1. Determine if region 148-155 includes at least one residue that is more than 30 Å from residue 286 (Cβ to Cβ) and either of a type in the set (Asp, Glu) or within 11 Å of the ligand (Cβ to nearest atom) (or both).
2. How do the pairs read when you match residues in region 1-19 that are aromatic (Phe, Trp, Tyr) with residues anywhere that are in a loop (DSSP other than H, G, I, E, B), using Cβ under 9 Å and keeping only pairs 6 or more apart or on different chains?
3. Checking the structure you have, find out if any residue of region 215-223 is within 14 Å of the ligand (Cβ to nearest atom), touching a residue at least 12 places away in the same chain (Cβ under 8 Å), touching a Phe, Trp or Tyr at 6+ places or on another chain (Cβ under 9 Å) and assigned by TED's automatic domain parsing to the domain that holds residue 102.
4. For region 1-29, which positions are within 15 Å of the ligand (Cβ to nearest atom) and polar (S, T, N, Q)?
5. Kindly indicate whether any position in region 200-208 is over 23 Å from residue 147 (Cα atoms) and either within 10 Å of the ligand (Cβ to nearest atom) or of a type in the set (Phe, Trp, Tyr) (or both).
6. Can you say whether residue 107 is closer than 24 Å to residue 247 by Cβ and either assigned by TED's automatic domain parsing to the domain that holds residue 232 or more than 14 Å from the ligand (Cβ to nearest atom) (or both), as far as the supplied structure shows?
7. Could you tell me whether region 6-13 includes any residue that is modelled with pLDDT of 95 or more, among the small types (Gly, Ala, Ser) and either out of contact with any helix residue (DSSP H, G or I) (no Cβ under 7 Å at 6 or more places or on another chain) or over 29 Å from residue 91 (Cα atoms) (or both)?
8. Please state which one of 90, 94 is in contact with a Cys (Cβ under 9 Å, 6 or more places away or on another chain) and within 14 Å of the ligand (Cβ to nearest atom).
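The values are calculated or read from the model by the stated rules, or taken from the named source; none is laboratory data. Predicted model, so just to flag it, every value in this text is computed and none were measured. Here Cβ is always computed from backbone atoms with ideal geometry, including for glycine, and neighbour counts include all displayed protein chains.
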Amino acid sequence: MFEEKTVLRIPGPTPVPPEVTRAMTHAMIGHRSGDFSSLLAEVEASLRDLFQTSGDVAVIAGTGTGGLEAAVYSMVHAGDRVLAISTGNFGDRFTEIARRTEADVISLNCEWGQPAKVEEVARILAEHSDIRVVLLTHCETSTGVLNNVQQIAHITQEYGAYLIVDAVSSFVGSPLPMDEWNVDVVVTGSQKALGLPPGLALVAMSSRAIERVKNGPAARSFYFDLKRYQKGLGDSTTPWTPPVSLIYGLRESLLMIQEEGLQQAQRRHRLLRDMTRAGIRAMGLSLVVNDEKSASDTVTTVFVPDADQVCKVMKNDLHIVVAGGQKQLSGKIIRIGHMGYVDASDMLQCLAALEIALVKTGYKMELGAGVRAAQEVYLHASNSRD
Ligand SMILES: Cc1ncc(COP(=O)(O)O)c(C=O)c1O
């Protein structure tokens, strides 16, 4: 009966709104046609608004990792010194991408669950004045940490280096006005807060990044060479056959975000975060990220006794899918995604299901405590809005 019923509360892929699903059923069109160029031009204009940049946004068939590769391969030149900041599993992957280039990579590996320390980044940049590119993950999805992009961008700019930010799981959910903060490249993927299926990577380039890409050598990757994407954008075209259906879906998703308003979308994500965190605390569980300032707006991570079993009960009994931990946090935590097409009632449902799974797996708590705390956060926020 419920074979296809799945409530996705993982940090991506996220639920796809019916409007987006319908948009993707648009009849296929030729990608070298005027119709496609108009579609891409419209999408490109909305993306510039959303990334808050006067630069360009490459729309690439690939996932977030493809976008990161495109950014690194196009911005990092042979022999460059790169500072790769890692605060978890995704930061480690970003570092690994840089290591596959002919760059000289300095790693800053931070303790899992903690954000990168701005003073430490400043110290390394001061020590190695030839660092050309800095890599930073905005929301580290493996730990739920939100790094301070604004302050790190400020320092990076001071030392004349380029900053590439992995915003795969933070884009739309958390503020990241790239031009205002002097971020050179921002990368995201379709299957997170944009509410699309996986398969699109978006790489936004500031005017400074565009100059570097244009004037630099051809990237070592043929497919992911941003120079080719950037050149095509002048004629609203892509270098290779684009995923047309996903781009129709993207147009719809961007319209929906415009309709809600970016600031309101960010307020909504913040509220979902606060409801979830209050609920978790009221259940007597520990959050991986204690400091509110470094807590992600899009994914909440929680230490849970018998975490894998809790995930199983939530899925098998209640059809709600949350994620387990990765690497050193495997079996110790659960990760609850609250990004994209998600509202307050979704989080109440998720917290209620989590309570049931906890009690079923032997955890002692008063049923309803977490839901109640989240309801209070919701009511407080809606009273102060009214
Ligand atoms: C922060 C971050 N970076 C990179 C990725 C990799 O993206 P993809 O799996 O779309 O290649 C993810 C995916 O969850 C992510 O959360």
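1. Taking region 148-155 first, the residues more than 30 Å from residue 286 (Cβ to Cβ) are 153-155.
This time we only want the ones that are either of a type in the set (Asp, Glu) or within 11 Å of the ligand (Cβ to nearest atom) (or both), so: none.
Checking region 148-155: not a single residue is more than 30 Å from residue 286 (Cβ to Cβ) and either of a type in the set (Asp, Glu) or within 11 Å of the ligand (Cβ to nearest atom) (or both).
2. Every condition considered, the pairs that remain are 2/319.
3. So in region 215-223, the residues within 14 Å of the ligand (Cβ to nearest atom) come out as none.
So far as region 215-223 goes, no, none of its residues is within 14 Å of the ligand (Cβ to nearest atom), touching a residue at least 12 places away in the same chain (Cβ under 8 Å), touching a Phe, Trp or Tyr at 6+ places or on another chain (Cβ under 9 Å) and assigned by TED's automatic domain parsing to the domain that holds residue 102.
4. 14
5. So far as region 200-208 goes, yes, one or more of its residues are over 23 Å from residue 147 (Cα atoms) and either within 10 Å of the ligand (Cβ to nearest atom) or of a type in the set (Phe, Trp, Tyr) (or both).
6. On the way: closer than 24 Å to residue 247 by Cβ: no; either assigned by TED's automatic domain parsing to the domain that holds residue 232 or more than 14 Å from the ligand (Cβ to nearest atom) (or both): yes.
Answer is no for this residue.
7. yes
8. Values: 94 fails: in contact with a Cys (Cβ under 9 Å, 6 or more places away or on another chain).
Answer to the selection: 90.
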